[in-house]
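Enquirer: The structure is given below, and queries will be raised subsequently.
The values are calculated or read from the model by the stated rules, or taken from the named source; none is laboratory data. Worth saying up front: this structure is predicted, and the values here are computed from it rather than measured. Glycine also receives a Cβ, built like all others from the backbone with ideal geometry; neighbour counts cover every protein chain displayed. Only protein heavy atoms, including side chains, enter the accessible area calculation; ligands, DNA and RNA are left aside. Shrake-Rupley method; radii C 1.70, N 1.55, O 1.52, S 1.80 Å.
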Amino acid sequence: MFSSKLVLDDFMHGLAKRNPNESYFYQAVQEVAETIIPFINQHPEYIQERIFERMTEPDRIVSFRVCWEDDGGHIRVNRGYRVQFNNAIGPYKGGLRFSPVLTLDILKFLGFEQTFKNSLTTLPLGAGKGGADFNPKGKSDREVMRFCQSFMTELHKHIGAHTDIPAGDIGVGSREISYMFGQYKRLENEFQGVLTGKGLESGGSLIRKEATGYGTVFFTQELLKEHGKTLEGKQCVVSGSGNVALYTAQKLLHLGAYVTALSDSSGSIHVPKGITQEQLDWIIELKEKRRGRINEFAEHFHKAFHADITVWQYPCQAAFACATQNELQLEDAKTLIKNGCQLVAEGANMPTTLEATRYLRDAGLLFAPAKAANAGGVAVSGLEMSQNSMRLSWSTKELESRLHEIMCKIHTQCIEHGRMSTGKIDYVKGANIAGFKKIANAMLSYGVV
């Protein structure tokens with residue numbers, strides 16, 4: 001007989017036993033389980049069919065060898081992955097990450113998060129994640145091309161426009177996507193939308209690189225509006241200086257906010273009066289064209305650079321976590337509150353530790369969780385898929401309008417499922433339940449598969 005109730009500790013113990021030494025995946029599931037299990041216990045059908053247990057087990061995991069030749073004629077060997085997590089509501093969809101520290105643990109946490117995020121977009125998208133332990137930094141264009149071609153030679157067997165549509169992620173931009181798409185086209189003799197994040201000339205979408213950052217700000221804008229506030233005039237710090245951070249900063253400036261800090265792995269810059277649009281354009285060119293470091297901005301514009309200070313230590317009213325997982329820790333959360341922060345928005349995937357998330361929520365800060373706030377990128381990827389299928393392209397204005405509409409719908413779902421008896425809104429709970437419910441009901445309808 002199945003238990004009539006799920007018990008959080010028992011569930012997590014079983015998960016840890018099945019997935020030993022996978023701390024990121026464990027953390028991602030724990031954060032969801034804390035809000036989902038009380039909801040599941042009100043619906044016996046989810047318990048009987050073991051929906052959450054099935055949802056925390058990927059459909060399949062593919063691991064493969066990637067051999068390539070560097071410019072010196074030496075053979076290099078890397079490991080590639082694709083985790084196809086859940087396709088209950090659509091084909092697998094999620095990014096490819098190239099990083100020397102990439103592990104299966106990281107990919108499973110990202111794939112699990114992607115399941116809920118894609119559900120929230122209201123688009124028919126399942127969830128997957130993949131990549132390789134390859135570091136594109138310091139490699140020549142020809143080396144990156146040879147690696148991408150070798151990677152796609154194996155990956156193409158497992159993807160397709162109606163099966164699994166990868167995109168970019170950390171270490172995988174339009175250059176890498178284009179190399180992989182070219183190899184896919186060569187191998188399959190088909191020109192189809194099997195990858196998103198492509199260059200415009202090969203069927204990519206306008207505002208794709210801006211989408212995650214813009215979406216984070218659009219969601220935050222709706223959250224503040226719900227609480228009778230606006231972004232205009234607010235001092236904001238943004239961690240990171242990749243696509244998410246840069247275009248979060250850009251949209252914040254468009255809406256009248258002040259961006260006072262940005263960072264990269266070398267340190268952070270602090271501009272108390274706010275970075276100007278001209279200065280931000282300079283940083284975007286630095287990062288996208290010259291692949292430089294943030295300290296070069298400080299030297300050029302005579303601004304403060306600190307190698308040992310994170311953006312969380314600067315006074316602000318709103319903080320945007322846009323770099324990487326677990327970058328905002330408990331002590332950072334305490335510092336933010338001490339310095340007057342009123343809102344934290346997650347632009348990256350799981351950038352806040354469990355302890356910090358609990359502390360911020362308990363303190364009553366407005367908190368925009370990644371599953372909701374970070375969904376803009378995959379939303380525009382879904383729109384790119386639609387454009388590819390219809391053999392057309394939409395304008396920047398139309399795409400931004402569609403993105404804004406999707407982020408508003410996500411916010412509405414969070415309110416619907418996150419409003420508490422006190423009238424306050426728990427956005428973490430709202431995002432988790434809304435994302436879960438759609439997938440769970442689809443899984444129920446298929447039977448035991």
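Enquirer: Give the Rg/Rh ratio for the stretch 151-248, taking Rg as the radius of gyration of the Cα atoms and Rh as the Kirkwood radius, to two decimals.
Expert: Computed over Cα atoms, the ratio is 1.12.
Enquirer: Using a 10 angstrom Cβ neighbour count of at most 15 plus a DSSP loop assignment to flag exposed chymotrypsin sites (Phe, Trp or Tyr not before Pro), which longest range of the chain is free of such sites?
Expert: Excluding the exposed sites themselves, the longest stretch runs over 192-449.
Enquirer: Still on this model: Please give the contour-minus-distance gain from Arg291 to Glu278: 0.36 nm per residue of separation, less the Cα-Cα distance, rounded to one decimal in nm.
Expert: Stretched out fully, the Arg291 to Glu278 stretch lengthens by 2.9 nm.
Enquirer: I'd like the distance between the alpha-carbon centres of the stretch 389-404 and the stretch 1-34, rounded to an integer number of Å.
Expert: 40 Å
Enquirer: Which value results for Rg/Rh of the stretch 278-350 when Rg is the Cα radius of gyration and Rh the Kirkwood radius based on the inverse mean 1/r?
Expert: 1.00
Enquirer: What ³J(HN,Hα) values, in whole Hz, does the Karplus curve 6.51 cos²θ - 1.76 cosθ + 1.60 give for the stretch 192-197 when θ = phi - 60°, with x put for Gly and Pro?
Expert: Once rounded to whole Hz, the list reads 9, x, 8, 10, 10, x.
Enquirer: For the stretch 37-183, what percent of Cα pairs sit more than 20 Å apart?
Expert: It works out to 49 percent of all Cα pairs.
Enquirer: Let me ask another. Given a Förster distance of 45 angstrom, what is the FRET efficiency for Asn326 paired with Glu416, based on the Cβ-Cβ distance and rounded to 0.05?
Expert: Approximately 0.95, to the nearest 0.05.
Enquirer: Are there trypsin sites (Lys or Arg not before Pro) in the stretch 223-297 that DSSP puts in a loop and that have at most 14 other Cβ atoms within 10 Å, and which ones?
Expert: Lys273, Lys289, Arg290, Arg291
Enquirer: Next question. Per residue of the stretch 245-262, what does 6.51 cos²θ - 1.76 cosθ + 1.60 with θ = phi - 60° give for ³J(HN,Hα)? Whole Hz please, x for Gly and Pro, Karplus curve as stated.
Expert: Along the stretch 245-262, the couplings run 5, 5, 8, 5, 4, 4, 5, 4, 5, 4, 9, x, 8, 10, 9, 9, 7, 9 Hz.
Enquirer: Further question: When the chain is fully extended, how far beyond the present Cα-Cα distance does Asn41 get from Glu154, taking 0.36 nm per residue of separation?
Expert: 36.4 nm
Enquirer: Calculated FRET efficiency, Ala16 and His302, Cβ-Cβ r, R0 41 Å, to nearest 0.05?
Expert: 0.20
Enquirer: Now a separate question. With equal scatterers on the alpha carbons only and no solvent term, can you work out the Debye log10 of I(q)/I(0) for the stretch 245-397 at 0.21 1/Å?
Expert: Treating every Cα as an identical point scatterer, log10 I(q)/I(0) equals -1.38.
Enquirer: Then there's this: Students often get this wrong: which residues of the stretch 326-356 have the backbone nitrogen under 15 Å from the point 7 angstrom along Cα-to-C-beta of His227?
Expert: 336-346
Enquirer: A follow-up question, please. Using the Kirkwood formula on the Cα atoms of the stretch 319-416, what hydrodynamic radius do you get, in angstrom to one decimal?
Expert: 14.9 Å
Enquirer: Of all beta bridges DSSP finds with both residues in the chain, what is the antiparallel percent, to the nearest 5?
Expert: 55 percent
Enquirer: Please tell me which of these pairs span more than 20 angstrom C-alpha to C-alpha: Lys93/Lys371; Lys129/Lys251; Lys409/Lys437; Lys334/Lys409?
Expert: The pairs that break the limit, which is 20 Å between Cα atoms, are Lys129/Lys251; Lys334/Lys409.
Enquirer: With a 10 Å cut-off between alpha carbons and a GNM built on the chain, which of Asp164, Asp264, Asp71 moves the most?
Expert: Asp71
Enquirer: Given the C-alpha centroids of the stretch 325-365 and the stretch 164-242, what is the distance between them in whole angstrom?
Expert: Result: 24 Å between the Cα centres.
Enquirer: Right, another one. Once R0 is set to 35 Å, what does the formula 1/(1 + (r/R0)^6) return for the Cβ-Cβ distance between Ser63 and Ser393, expressed as a FRET efficiency to the nearest 0.05?
Expert: So, using R0 = 35 Å, E works out to roughly 0.45.
Enquirer: Now for a separate question. Dividing the Cα convex hull volume of the stretch 1-99 by residue count, how many Å³ per residue is that?
Expert: Looking at the stretch 1-99, the number lands at 138 Å³ per residue.
Enquirer: Taking 0.36 nm per intervening residue step and subtracting the Cα-Cα distance, what contour gain separates Ala363 from Arg54 on full extension?
Expert: Stretched fully, the Ala363-Arg54 segment lengthens by 107.9 nm.
Enquirer: Same structure, new question: Have a look at the stretch 186-228 and give its Rg and Dmax from the Cα atoms, expressed in angstrom.
Expert: According to the Cα coordinates of the stretch 186-228, Rg and Dmax are 16.6, 54 Å.
Enquirer: Also: Sum -39500 (n - 2.57) across every DSSP H segment of at least 4 residues in the chain, then divide by the residue count to get the 222 nm mean residue ellipticity, nearest 500.
Expert: That comes out to -15000 deg cm²/dmol.
Enquirer: So what J values fall out for the stretch 164-180 if you push phi through Karplus, 6.51 cos²θ - 1.76 cosθ + 1.60 with θ = phi - 60°, rounded to Hz, Gly and Pro as x?
Expert: Couplings: 7, 10, x, 9, x, 7, 4, x, 10, x, 5, 4, 5, 4, 5, 4, 5 Hz.
Enquirer: Starting at 0 and stepping by 5 Å, how many percent of the alpha carbon pairs of the stretch 403-449 end up in each bin?
Expert: 5, 22, 21, 19, 15, 11, 6, 2
Enquirer: Given N residues in the chain, what is its alpha carbon radius of gyration divided by 2.2 N^0.38 Å?
Expert: Relative to the 2.2 N^0.38 Å estimate, the chain comes out at 0.95.
Enquirer: Tell me which residues come under 5 Å, amide H to amide H, from Gly128 once H is placed; ignore anything under 5 positions away on its chain.
Expert: The list, which skips near neighbours in sequence, is Phe85, Lys93, Gly94.
Enquirer: Probe of 1.4 angstrom, ligands and nucleic acids ignored: what's the accessible area per residue over the stretch 297-402, in square angstrom?
Expert: Heavy-atom accessible area per residue stands at 41 Å².
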